[in-house]
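The values are calculated or read from the model by the stated rules, or taken from the named source; none is laboratory data. Being a predicted model, the structure only gives us computed values, none of them experimental. Cβ sites come from the backbone with ideal geometry, for glycine too, and all protein chains shown count toward neighbours.
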Amino acid sequence: MRKLLFILSSFFVLTACSDKEQKESQDEAAPPLENIDEPKENFENINNNGENDHSENEPEETEGDLKCYFKPADSTATFIGDGNEFASYTERTKWLAENYVATIIDNGGAVVMKVYRVLDDKIILVMDELVEGTPEDATYPDIGSLTGLPALEIYLAGPIEVGTTFGNWTIVETNMTLATPYQTFKNVLVIEETGEGFTNKKFFVEDYGVIKTESIMSLELSEEVIVTSTLENLSLH
């Protein structure tokens, strides 16, 4: 069952800690938070005027900039999972340069670093590697080593409108309202991929990146299996 879940829902990053050895090296002034209902008062990157504060190291954004589909620099997000023991995880976000961002995901079974290159019209994954030890043990790559790396996959692409397709994914909604344990979000962007017996979805919000993932699988002689990971908390270091 665990292997099947891993194959069919690849964006639940780490469904089997015992397979560490099999997976080795692979490829914010943000817009106002008008799309968020009742943001938590303790969200530290909001100033007293209700606007986003950004550190000197965070990339500047322009209207429509795809950088906004990641979480703030130096933040840690906690996701609560349902349907699979590895669906709960933490995600650390660190901007390495203006157009390179790294995330480190730890689900208690394994730790994975992913690095993305943000272009004008798309975001591509250029690195996907296991980290030995804890997230604190991770060594971030230097920019020089990233510039020549080819794309492993397209993570998100524009134009941000219903019907846009990239790889196996299609944008299916752009103004969904979604309640999470953290807060309720408006103008949620939903992308979807489908295959034989499965449907995967990712839910994005500007300034927060992915706030939920969902995988629905139809197994032979079994009911549907639904695995979700949903944003529960977000904090800045």
- Message: Here are the criteria: (1) over 21 Å from GLU192 (Cα atoms); (2) among the charged types (D, E, K, R); (3) at pLDDT 95 or above. Tell me which single one ASP137 does not satisfy.
- Response: (3)
- Could you tell me whether any residue of region 103-114 is of a type in the set (Lys, Arg), surrounded by 18 or more Cβ atoms within 10 Å (Cβ to Cβ) and outside any loop (DSSP other than H, G, I, E, B)? yes
- Item | Evaluation of ASN233 against (1) touching a strand residue (DSSP E or B) at 6+ places or on another chain (Cβ under 7 Å); (2) closer than 21 Å to LEU119 by Cβ; (3) surrounded by fewer than 18 Cβ atoms within 10 Å (Cβ to Cβ) (one fails), failing number | (2)
- Note on the structure: Just one listed residue, out of ARG92, ARG117, is assigned to a strand (DSSP E or B) and in contact with a Pro (Cβ under 7 Å, 6 or more places away or on another chain), and it is ARG92
- Which ones in region 84-95 are in contact with an Asp or Glu (Cβ under 9 Å, 6 or more places away or on another chain) and farther than 17 Å from GLU136 by Cβ? SER88, TRP95
